[in-house]
1. For the list (1) in contact (Cβ under 8 Å) with a residue 12 or more places away in the chain; (2) farther than 28 Å from Glu23 by Cβ, I need the number of the one condition that Thr67 fails.
2. What residue, of Tyr93, Tyr106, is touching a strand residue (DSSP E or B) at 6+ places or on another chain (Cβ under 6 Å) and either within 18 Å of Leu13 (Cα to Cα) or surrounded by fewer than 18 Cβ atoms within 10 Å (Cβ to Cβ) (or both)?
3. Here are some conditions: (1) in a loop (DSSP other than H, G, I, E, B); (2) at pLDDT 95 or above; (3) surrounded by fewer than 14 Cβ atoms within 10 Å (Cβ to Cβ). Gln76 meets all but one. Which one does it not meet?
4. For the stretch 1-18, state whether one or more residues are touching a residue at least 24 places away in the same chain (Cβ under 8 Å), in a strand (DSSP E or B) and either farther than 27 Å from Leu59 by Cα or within 17 Å of the chain's Cα centre (by Cα) (or both).
5. Which condition from (1) surrounded by 15 or more Cβ atoms within 10 Å (Cβ to Cβ); (2) on the phi > 0 side of the Ramachandran plot is the one that Gly43 breaks?
6. Does Gln6 satisfy the condition of being of a type in the set (S, T, N, Q) and either touching a helix residue (DSSP H, G or I) at 6+ places or on another chain (Cβ under 6 Å) or modelled with pLDDT under 90 (or both)?
7. With the requirement that a residue be surrounded by 18 or more Cβ atoms within 10 Å (Cβ to Cβ) and closer than 16 Å to Met78 by Cα, what does the stretch 46-57 give you?
8. How many residues does the stretch 19-40 contain that are touching a residue at least 40 places away in the same chain (Cβ under 8 Å), exposed (fewer than 15 other Cβ atoms within 10 Å of the Cβ) and of a type in the set (D, E, K, R)?
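The values are calculated or read from the model by the stated rules, or taken from the named source; none is laboratory data. All values derive from a computational prediction rather than experimental measurement. Here the Cβ positions follow ideal geometry from the backbone for every residue, glycine too, while neighbour counts run over all protein chains shown.
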Amino acid sequence: MNNFIQLKSIIMLNHLKDSMLDELLRVTRIVAYRSGDYIFNEGEDAKNLYGVIDGKVRLEIDKKHTTRISINDIVQGMVFGFSALIDTEKKNYTTYAKALTDVKLYKWEAPDLETLFNQDFEMGFLFMKEIAKIIKTRLQIRNVQFLDIYT
């Protein structure tokens, strides 16, 4: 199986042309984490975007310094860590990302993706359009969670 076809296991990448996936493949790394490991912590410099190949990752936020609340579970085909691509003065992760199981992930470094997007504006547009959809969905989920808490 072609490697770029494997990248299509990440749902948001299904909209990219094969030539775009070939370019993306050049900056794609595969990393693994053990169950219980933190992939990143809230407030850390946001440097990478991740896509789940296998396993489950939980996104959490601090309620208090001693309590964390689960926000989302990220499973095969989903991405997380998009704070690394959002152009703000200081890019920080807004959640904790914890491996709930042993996980295998695609990892993309933000500067590599930004370089690709500057070279191919169509790819950048398609990629960020999908990121925007993910952000919208996650905000809707958080709104429902907050309504459940306060009603």
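1. Tallying (1) in contact (Cβ under 8 Å) with a residue 12 or more places away in the chain; (2) farther than 28 Å from Glu23 by Cβ, Thr67 fails exactly one: (1).
2. Details: Tyr93 fails: either within 18 Å of Leu13 (Cα to Cα) or surrounded by fewer than 18 Cβ atoms within 10 Å (Cβ to Cβ) (or both).
Of Tyr93, Tyr106, the one residue that is touching a strand residue (DSSP E or B) at 6+ places or on another chain (Cβ under 6 Å) and either within 18 Å of Leu13 (Cα to Cα) or surrounded by fewer than 18 Cβ atoms within 10 Å (Cβ to Cβ) (or both) is Tyr106.
3. Only one criterion in (1) in a loop (DSSP other than H, G, I, E, B); (2) at pLDDT 95 or above; (3) surrounded by fewer than 14 Cβ atoms within 10 Å (Cβ to Cβ) is unmet by Gln76, namely (3).
4. For the stretch 1-18, residues touching a residue at least 24 places away in the same chain (Cβ under 8 Å), in a strand (DSSP E or B) and either farther than 27 Å from Leu59 by Cα or within 17 Å of the chain's Cα centre (by Cα) (or both): absent.
5. That leaves (1) as the condition not met.
6. Details: of a type in the set (S, T, N, Q): yes; either touching a helix residue (DSSP H, G or I) at 6+ places or on another chain (Cβ under 6 Å) or modelled with pLDDT under 90 (or both): yes.
Yes.
7. First, pick out the residues of the stretch 46-57 that are surrounded by 18 or more Cβ atoms within 10 Å (Cβ to Cβ): 46, 48-53, 55, 57.
Result: Asn48, Leu49, Tyr50, Gly51, Val52, Ile53, Gly55, Val57.
8. Taking the stretch 19-40 and keeping what is touching a residue at least 40 places away in the same chain (Cβ under 8 Å), we get 20, 23-24, 27-40.
Applying the additional criterion that residues be exposed (fewer than 15 other Cβ atoms within 10 Å of the Cβ) yields 27, 29-32, 34-38.
Filter again for of a type in the set (D, E, K, R), leaving 29, 34, 37.
Counting residues in the stretch 19-40 that are touching a residue at least 40 places away in the same chain (Cβ under 8 Å), exposed (fewer than 15 other Cβ atoms within 10 Å of the Cβ) and of a type in the set (D, E, K, R) gives 3.
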